[in-house]
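Just so you know, all these numbers are worked out from the coordinates, no wet-lab data involved. Note that the structure is a prediction, hence the values are computed from the model and not measured. Neighbour counts run over all protein chains shown; Cβ positions are idealised from the backbone, glycine included.
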Amino acid sequence: MPAQPRRGNTGRAKRSFEALDAWRGEQRQATFGRGLRRTLTRKELPVTGWLVAAVLLAMLVLVSSRYLGERARRKQAPLVGKWPIDTIRLAEVDPAFVAGPFGPSLATEVAFVGRGPIVVPGGTSDAEAWVLSVLAKTAQHMFEFGTCTGKTAYLWARNAPAGAQVVTLTLAPEQQLAYVKSHDDSEEDTSFALKESNFTEFLYSGTAVAGAIEQLYGDSKHFDESPWESWADLVFVDGSHARSYVASDSAKAMRIVKPSGMVLWHDYAGPKHAAGVFDTLNEMSQQFKLERIEGTTLVMWRRPS
C-alpha cells in the first residue's frame, strides 16, 4: 500500500513558510522606513541651513540699514546719491568762519548757551546755535519765525552790536485754534508745531537784553510782514515744519530780508525728518540758489543785492 502524505507536517511547514514571508516583509518595510527617514533627514538639513542663513542675512541687513541711516543722519547726507540742495563749507558762509592754524579764529568767539546731551524742544544743535550767534555779531536787524524757547532770540540779542533789534514771532498758547492746517500738512508736523507754541516765558525773559527783543504773537500765515519788508540782515525760519507753513514763512522771509541779507532755515535733514521742510526747500531750490551748510541742518539763501 503506497505511503500517504503526513498532513500534519505539511500544514506546519506551510505555516512556517508563511511566517517567514511575513517576517521578511516586516524587515523590508522596516528597512525602507529607516532609509526614508535617513533620506528625509538629509533633505531637511540643507533646508534648515538655508533658513538659518536667511534669518541671519535679514538681521544683518536690518542692523546695517539702521547703522548707515544713523551715520547718514549724523553726516547730514543721504544713503544713496545726493540731496537736491548742494552743500557749502562754513567758511563760504561768512569770512569769520575761516579757520586758522588753531581752528576757529577769535572772530567766532560768542556768548553762548549750549545744550550738550539735554533734549530741548525744537532746539538747534550746539554747532547751529554757534553759527547763528556768530552771524549776529555783524547784524543790526534780525527776524525769527518760531520763537519756541527763545534761545535763538537771546543769543542774537546777546551777541549783536549795540542798538541791534531782534523781532521774533510765535503762536501764543491761547491762539492755537488760529493754526490753519492744510490738506497736505502731516499730523506729526502739526502736532509738533502746537507743542512748541506753548511758552509764555522765554529764555531771554528778565535778562539784560530783553529790551532789544520784540516779541510778536500770532499765526504766521496771517502775519502781515509789510512793515518789515527789506528790513532784516538775518532771518531765521524755524516755525511750523508743515509744508504749507514752510512755504508761507519762506515767502515772507524772502521779503523781510534786505538785499545782500541772509535767510536761514532749520531742520533740512532728509525726507524722514521734517519732510515738510525737506520737500518745500527742494522745490524752492529749483528757483532760488539755496545752499546747505556742511555739518548742520541749516539751509541758507542770500538775497541778491
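Observations, loosely collected:
- Paramagnetic reach from residue 140 in the stretch 208-228 [backbone N under 16 Å; point 7 Å along Cα→Cβ]: 228
- Listed values for the stretch 129-143 are Karplus-derived 3J(HN,Hα) couplings in whole Hz (6.51 cos²θ - 1.76 cosθ + 1.60, θ = phi - 60°), namely 5, 5, 4, 4, 5, 5, 5, 5, 5, 10, 10, 9, 10, 9, 10, and x replaces Gly and Pro.
- Sequence of 285, 260 once ranked by neighbouring C-beta atoms within 10 Å, starting from the fewest: 260, 285
- Dipole orientation for the stretch 167-272: of the candidates 227, 204, 241, 227 has the Cα lying most toward the positive pole (charges on Cβ; Lys, Arg +1; Asp, Glu -1).
- Efficiency of FRET between residue 126 and residue 58 - r from beta-carbon atoms, R0 41 angstrom, step 0.05: 0.65
- Close amide H partners of residue 110, meaning residues 5 or more places away or on another chain with modelled amide H under 5 Å apart, do not exist here.
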